[in-house]
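The values are calculated or read from the model by the stated rules, or taken from the named source; none is laboratory data. As the structure is a computational prediction, the values presented were derived from the model and not from experiment. No Cβ is skipped: glycine too gets one built from the backbone with ideal geometry, and neighbour counts run over all protein chains shown.
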Amino acid sequence: MHASPLTYRRQIETILLGWGARIEAAAATAEILLYAGISGIDSHGISMLTEYDSRRRNGWLDLKAKPRVISETPASVLIDGGGGLGHWPGSLAMGEAIARAKSVGLAAASVRNSAHFGACGYYTKMAAEAGLIGIATTSAMMIRVAPTFGAEAKLGTDPFSFAAPGEEGKPFLLDMATTTVAFGKVRNKRNENLPCPPGWVLDSAGRPSTDPADVAERGGFLTPLGGSAENASYKGYGLAAMVNILSACLAGAMPITDPARATRPGGPEIGHFFLALDPKLFRDPAEFRADVAAFCDSLRATRPLDPATPVLVAGDPERAAAERRAKEGIPIPPGLAARLQEIAREVDVPWLL
């Protein structure tokens, strides 16, 4: 099954409104899940509705939440997400960081008391499209990752993104989990009853596994970036710790390692961090963009190992996917389609896909 971008977005928004979400929250969430779906980031597209459905049933999401500013300065803003999905407060936060950076050159925004906010790259793309360097990080709701040498989970996928404007319409855009893969890829394998590639997951005893249910249902772990201590998983572990310090500790969100998270009314809360930097602080912005564009083009011009597989730069795969999917539609596997259809039926909203 393939869905047009418009239908894909409308289906997401329809289900969210059926759950009772505010119009602004439904619109922001649908926009950001569409960005992921059309960009080929299927782990963070419409499949996230299956996760959000589970969390709302557990009482972990306030779909009526309205974000509010707690404190602000000319170069910063702190927003309380109200315990709702993070897409709306995340968009507001990065928008504020961008506006302030345009004025003073460098600005940061934090969000606390929030939930999952979608793909990090959406927010840094906002900054790059405004001619700024953007950084975004977020802590995680679910604990699924054991630190290097650990036999119990203490961390989440803890992603971050970095973007910089270069050639028009082609920013450098890095968006990555600090695990070998995002949990959404494991969830999608489980939805379709497919095995994971070796190296993605460990069972509850810390042994290598290819069964997605080991992580999703049986207390197993995702592997930190690097996979094992021998392959430098301490790097992924260190990056995850950095992300949590920026996202949770700085914002005043509950750290993922706090034992009280399990009993907190309303479920676990997470934090987000955003930074926008105007290149004009250092040099002419047009010259900076020209250098970024030339640098990226030089990387693309690298002689490839296989002529059929050219060297790419962060952001290239997503742009290629978006161009293709805008024409062909966004694929929705049968297992996921069945789950989504059931969700739509349960809240009595139209099935549009």
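Among the residues of segment 112-154, write down those that are assigned to a strand (DSSP E or B) and under 16 Å from G238 (Cα atoms). T137, T138, V145, listed by residue number. Of A241, A229, all but one fail to be under 30 Å from A128 (Cβ atoms), surrounded by fewer than 21 Cβ atoms within 10 Å (Cβ to Cβ) and in contact (Cβ under 8 Å) with a residue 60 or more places away in the chain; the exception is A241. Scanning segment 99-131 for residues that are among the basic types (K, R) and touching a strand residue (DSSP E or B) at 6+ places or on another chain (Cβ under 7 Å) yields R100, R112, K125. Just wondering, is there one or more residues in segment 89-103 that are within 15 Å of G271 (Cβ to Cβ), surrounded by fewer than 24 Cβ atoms within 10 Å (Cβ to Cβ) and at pLDDT below 95? Within segment 89-103 (the criterion being within 15 Å of G271 (Cβ to Cβ), surrounded by fewer than 24 Cβ atoms within 10 Å (Cβ to Cβ) and at pLDDT below 95), the answer is no, since none of the residues qualifies.
Within segment 259-285, the only residue that satisfies the criterion of being out of contact with any Gly (no Cβ under 8 Å at 6 or more places or on another chain), surrounded by 12 or more Cβ atoms within 10 Å (Cβ to Cβ) and either within 27 Å of K102 (Cβ to Cβ) or among the aliphatic types (A, V, I, L, M) (or both) is F273. List every residue pair whose Cβ atoms sit under 6 Å apart, with the two residues 6 or more apart in sequence or on different chains, where the first one lies in segment 314-333 and is within 29 Å of V292 (Cβ to Cβ) and the second, anywhere, is in a helix (DSSP H, G or I). Sorted first by the residue in segment 314-333, then by its partner, the pairs are A322/I38; R325/I38. Do we find a residue being in contact with a Leu (Cβ under 7 Å, 6 or more places away or on another chain) and modelled with pLDDT under 95 anywhere in segment 61-80? Yes, segment 61-80 contains at least one residue that is in contact with a Leu (Cβ under 7 Å, 6 or more places away or on another chain) and modelled with pLDDT under 95. Reported count of residues in segment 162-179, each being in contact with a strand residue (DSSP E or B) (Cβ under 8 Å, 6 or more places away or on another chain), buried (at least 23 other Cβ atoms within 10 Å of the Cβ) and within 30 Å of Y234 (Cα to Cα), is 7.
Limited to segment 44-62, what total is found for residues that are among the aliphatic types (A, V, I, L, M) and either free of Cβ contacts under 8 Å to residues at least 60 places away in the same chain or closer than 11 Å to G266 by Cβ (or both)? Looking only at that region, the number is 1.
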